1. Take the alpha-carbon centre of region 102-154, take the same for region 241-307, and report the distance between them in whole Å.
2. Check Glu142: other-chain or 5+ apart residues with amide H under 5 Å from its amide H, H built from backbone geometry?
3. Taking springs between alpha-carbon atoms closer than 10 angstrom, which of Tyr197, Tyr249, Tyr125 fluctuates most in the Gaussian network model of the chain?
4. Residues in region 227-254 near a label at Asp60, defined as backbone nitrogen under 13 Å from the 7 Å Cα→Cβ point?
5. R0 = 30 Å: FRET efficiency of Trp255 with Lys23, Cβ-based, nearest 0.05?
6. Would you compute, from DSSP H runs of 4+ residues alone, the mean residue ellipticity of the chain at 222 nm, taking -39500 (n - 2.57) per run and dividing by the full residue count, rounded to the nearest 500?
7. Provide the percentage of antiparallel DSSP beta bridges, counting only those with both residues in the chain; round to the nearest 5.
8. Starting from region 208-269, pick out the trypsin sites (Lys or Arg not before Pro) whose DSSP state is loop and whose Cβ has at most 15 other Cβ atoms within 10 Å.
Amino acid sequence: MNSKLSNRVNEMATSATLAMAAKARELREEGKDIIGLSLGEPDFTVPDFVKEAAIQAVKDDFHAYTPVDGYGDLKKAIITKFRRDNNLIFTPAQIVVSTGAKQSLANLAMVLLNEGDEVLLPAPYWVSYADIAKLAGGVPVEIPSTIDSDFKVTPQALEAAITPKTKMMIYSSPCNPSGSVYSREELRALADVLVKYPNIIIVSDEIYEHINFTGKHASMAQFDDMYEQTVTVNGVSKAYAMTGWRIGYIGAPEWIARACNKMQGQITSGANCIAQRATITALENPPSKIQYMVDAFKERRTMILKLLSEIPGFKTNKPEGAFYVFPDISYYFGKTLRGKQINSASDFSLYLLEEATVATVTGEAFGDPNCIRISYAASEADIKEAMKRIKAALID
């Protein structure tokens with residue numbers, strides 16, 4: 001800990017997914033053949049119709065600062081998307097475009113949380129939720145779940161976690177890291193609890209919305225009695241493979257959107273102009289245009305689950321969305337493998353990196369100490385080879 005740095009940054013955890021990716025890069029630079037299954041990044045290229053829109057934007061000389069909350073015609077495209085895909089009705093004043101959904105989440109935490117406010121995190125949860133909350137003075141409160149419940153929390157567990165200090169709940173569906181998808185009925189059951197506490201703001205992270213193998217996506221804000229209590233967060237990084245383009249957005253009650261606009265105006269101002277123009281085209285096209293990616297992910301899910309079932313000690317469920325599996329590997333705790341003691345998911349993940357040369361992420365970073373996250377946003381050849389290496393490292 002560096003005393004010259006702020007307590008804020010000294011107490012902040014490094015993103016576990018980015019840290020593992022950095023470690024994998026270091027080993028590659030040393031000449032090791034590392035298969036990376038740690039990052040949540042589609043291995044597809046950006047669709048051609050999106051690329052062409054970006055090229056046209058350059059030719060049309062888009063280069064100036066953009067409005068803080070996004071171009072008007074992009075906000076119109078987002079409103080159309082929300083109506084078409086989610087049956088949600090928003091006005092332009094309720095939309096804020098940001099530099100990635102991560103900034104959208106950070107904006108919300110900064111404008112809604114005061115020191116000591118509690119933030120409910122149904123676990124497992126995306127690694128950055130907890131530290132984003134802490135950065136804004138909030139106190140993360142985990143609501144545990146298990147693989148036996150498909151990593152979904154119950155209304156009873158939710159209600160038990162609420163206190164007079166609870167100000168926010170953040171969840172994702174489809175979920176990163178578990179791939180779990182809350183059905184409309186399951187969300188309604190949670191909403192029946194939350195509606196009794198109108199001061200709690202629900203942040204629904206729907207960035208994996210279209211990578212959903214159930215064919216049905218439900219949004220908390222679809223319930224009339226939750227609309228004014230919910231902020232819907234989305235973006236184009238996952239469904240459109242536009243990770244580096246950094247465009248996220250929210251649909252929110254107007255008072256929250258205005259506060260986010262104010263906050264963003266002092267931090268980054270508007271998002272990249274060319275990426276915004278390309279996003280208009282992405283969102284104006286129907287989800288059927290990217291179905292080929294979803295179909296490929298579904299095939300990979302089937303393959304990786306089969307391969308994992310052949311490895312001793314991996315307990316898996318069947319994720320219904322995103323592109324992750326989140327196996328329980330607690331079977332290995334207390335065991336010694338190739339002279340290395342395994343006492344935690346972090347030990348196990350590091351063992352796989354060093355001995356199997358496969359990069360995964362410890363579940364401890366996601367609020368579940370018994371699991372690891374494996375991304376199958378990789379080629380079939382890499383997935384097969386990775387599973388072969390893991391199996392060899394655990395059986396030898």
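1. Between the Cα centres of region 102-154 and region 241-307 lies a distance of 20 Å.
2. Amide H neighbours of Glu142, under 5 Å, 5+ apart: Leu121.
3. Tyr197
4. Those under the cut-off are none; the list is empty.
5. Efficiency for this residue pair is about 0.10.
6. -12000 deg cm²/dmol
7. Within the chain, antiparallel bridges account for around 50 percent of the total.
8. Lys216
The values are calculated or read from the model by the stated rules, or taken from the named source; none is laboratory data. Computed from a predicted model, the values in this text were never measured in an experiment. Reconstructed Cβ throughout: ideal geometry from the backbone, glycine too, with neighbour counts over all protein chains shown. The accessibility values were calculated without ligands, DNA or RNA, using every heavy atom of the protein model including side chains. Shrake-Rupley method; radii C 1.70, N 1.55, O 1.52, S 1.80 Å.
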